[in-house]
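Student: The structure under discussion is supplied below as structure tokens; questions concerning it will follow.
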Amino acid sequence: MAEIGLTELGTMLIVASLVAMVSRRIGLPYTAGLVLAGIGLAYVPVGADLPLSRELIFNVFLPPLIFEAAMQLRWSRFRTEMPLTVVLAVLGVAISAAIVTGGMHLLLGWSVLGAAFFGVLIAATDPVSVIAAFKEMRAEPRLSMVVESESLLNDGVAAVGFAILIGIANGEALTASGAALALLWTVAGGLAIGAVIGFVVLTVAGRTEDHLVEVTLTTVVAWGSFLLAEHIHASSVFAALAAGLIVGNLGPRGSISVAGRQHVQDFWAYAAFLANSCLFLLIGSHEAHQPIALVSLPLGIAIVLTLIGRAAAVYPLALPFARSGLRLPATYQHVLVWGGLRGAVGLALALAVPATVAERGQIVVVTFGVVAFSIFAQGLTMPWLLRRWRLTGSADADH
């Protein structure tokens, strides 16, 4: 993995700061502003010329972003919404992936394996994009909780499907029992690793009141849980999610000192801002070099199928909860469909598609195109839709 030079890092930090100030002043979603700035950087002599690889996204950018987001989730509310979000995540990803896979195979003639890789990686909404957008738009608390937690969970499900497809591409036989065991190991293994590391490090943190040590220990939790889960082929996102929930909910109850709590919060807010900024600048920089026209037939078909798949994964699955306390108002369902942004996770998985898959090059290019559509067409219109449906601030959830 290439290293970021001091000039490149300095350029990205300056640009990120300027984009943050300008975006807030003109009401532009921050992630969209970063991608636009990244596209601009691609055409100037001093830019962010760094290979955007799966390893860079997963090992550097995702741990702080997932961990910081999980730290902000309140366990009581997360647990309350869990039956709904689990159904949306597990069945929703399966439905969406099946629709996209079938469409890409039938309409574009892609091989079943190539179409399946694309269907799985594009089915999961990207937690990085979703959380960044909804924090910035100050959406209603319950809406934010449902959208953010579902995006965190469905990424793990997509990772399981992707791992199964990797095995098929490598010549391994697929059985129902094997798929079930892979799902169990990925989910349970990731959650167990995050929980164990979180509890152990919090126990150590409880023996000090030095806020610098406490910040350092939470850093160990974030990257340690994520990278260990990656190493043993469990869900790194579930590991960071579990660790973040534990640190965010149990840490303030005594393991992290009163004086250290604000330092920990401030550090992770900055770490998330830094990772988010660099990641979307790099995405923009690499979007500028993708050899695909925005009106190309494969991209148009992929965008339509992705939206149809997302709609099929939300509207029918919300019906069983219509008469319960977990009922999703119609506007919430619309937000889940149109606000299901794609971004870093989809790109990371696309870049990890084996070279033996015939459509690998097309998969990477089309994924970049879908991500661009998601960030600009969907991301830029979400603030307007939330205001139109009165879903910002403390508006009534049933509107």
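The values are calculated or read from the model by the stated rules, or taken from the named source; none is laboratory data. Here the structure is a predicted model, which is why all the values come from computation and not from measurement. Backbone-built Cβ (ideal geometry, glycine too); neighbour counts: all protein chains shown. Side chains included, ligands, DNA and RNA excluded: accessible areas come from the protein's heavy atoms. Shrake-Rupley method; radii C 1.70, N 1.55, O 1.52, S 1.80 Å.
Student: Note down the net charge around Ala115, summing +1 for each Lys or Arg and -1 for each Asp or Glu among other residues with Cβ under 14 Å from its Cβ.
Tutor: So the environment of Ala115 carries a net charge of 0.
Student: Express the relative contact order of the range 70-182 as a whole percentage, based on alpha carbon pairs under 8 Å and six or more residues apart in sequence.
Tutor: Normalised by residue count, the contact order of the range 70-182 is 30 percent.
Student: Classify the chain: rounded, prolate or oblate, from the alpha-carbon gyration tensor (a ≥ b ≥ c, eigenvalue square roots; a/c under 1.5 rounded; otherwise prolate if a/b is larger than b/c)?
Tutor: rounded
Student: Determine the shape class of the range 145-236: with a ≥ b ≥ c the square roots of the Cα gyration tensor eigenvalues, call it rounded for a/c under 1.5, and otherwise prolate if a/b is greater than b/c, oblate otherwise.
Tutor: prolate
Student: Counting only Cα atoms, I'd like the Rg/Rh figure for the range 269-399, Kirkwood definition for Rh.
Tutor: 1.03
Student: Remind me, relative contact order of the range 252-399 in percent, using alpha carbon pairs under 8 angstrom and six or more residues apart?
Tutor: Answer for the range 252-399 is 25 percent.
Student: Would you compute, from DSSP H runs of 4+ residues alone, the mean residue ellipticity of the chain at 222 nm, taking -39500 (n - 2.57) per run and dividing by the full residue count, rounded to the nearest 500?
Tutor: After summing the helix terms and dividing by the residues of the chain, the value is -24500 deg cm²/dmol.
Student: Which residue, Val130, Val345, Val364, tops the fluctuation ranking in a GNM of the chain built on C-alpha contacts under 10 Å?
Tutor: Val364
Student: Another question about this same structure. Once you have a ≥ b ≥ c as the square roots of the Cα gyration tensor eigenvalues for the range 94-203, tell me rounded if a/c is under 1.5, and otherwise prolate or oblate according to whether a/b is larger than b/c.
Tutor: Oblate is the answer for the range 94-203, as a/c is 1.5 or above yet b/c matches or exceeds a/b.
Student: Among residues other than Pro141 whose Cβ falls under 10 Å from its Cβ, what is the net charge (Lys/Arg +1, Asp/Glu -1)?
Tutor: +3
Student: Computed FRET efficiency, Cβ-Cβ of Arg79 and Asn59, R0 41 Å: what is it to the nearest 0.05?
Tutor: Given R0 = 41 Å and the Cβ-Cβ separation, E is 0.85.
Student: Who wins for biggest fluctuation among Arg79, Arg261, Arg310 in a Gaussian network model of the chain, springs between alpha carbons below 10 Å?
Tutor: Among Arg79, Arg261, Arg310, the largest GNM mean-square fluctuation belongs to Arg79.
Student: Once you have the Cα-Cα distance between Ala358 and Val304, take 0.36 nm times their residue separation minus that, and quote the gain in nm to one decimal.
Tutor: Separation in residues times 0.36 nm, less the Cα-Cα distance, equals 17.2 nm.
Student: Follow-up. So if each residue of separation counts as 0.36 nm, and I subtract the Cα-Cα distance between Ala259 and Thr203, what length gain in nm does that give?
Tutor: Gain on extension, Ala259 to Thr203, equals 18.4 nm.
Student: In whole percent, what relative contact order does the chain give with Cα contacts below 8 Å and a gap of six or more residues?
Tutor: 29
Student: Share of Cα-Cα pairs in the range 342-389 beyond 15 Å, in percent?
Tutor: 51
Student: Per residue, how much accessible area does the chain show when a 1.4 Å probe rolls over the protein heavy atoms, in square angstrom?
Tutor: 42
Student: At a 1.4 Å probe, what is the % contribution of carbon and sulfur to the accessible area of the chain?
Tutor: Ligands and nucleic acids excluded, carbon and sulfur reach 67 percent.
Student: Counting only complete DSSP H runs, which helices of the chain cover 24 Å or more along their long axis at the Cα atoms and score a mean Kyte-Doolittle of -0.5 or above?
Tutor: Result, helices passing both filters: 6-26, 75-108, 141-169, 176-205, 211-231, 258-287, 297-318.
Student: To continue, here is another question. Please list Phe376, Phe368 from largest to smallest accessible area, probe radius 1.4 Å, with all protein chains kept in place.
Tutor: Ranked list, largest accessible area first: Phe376, Phe368.
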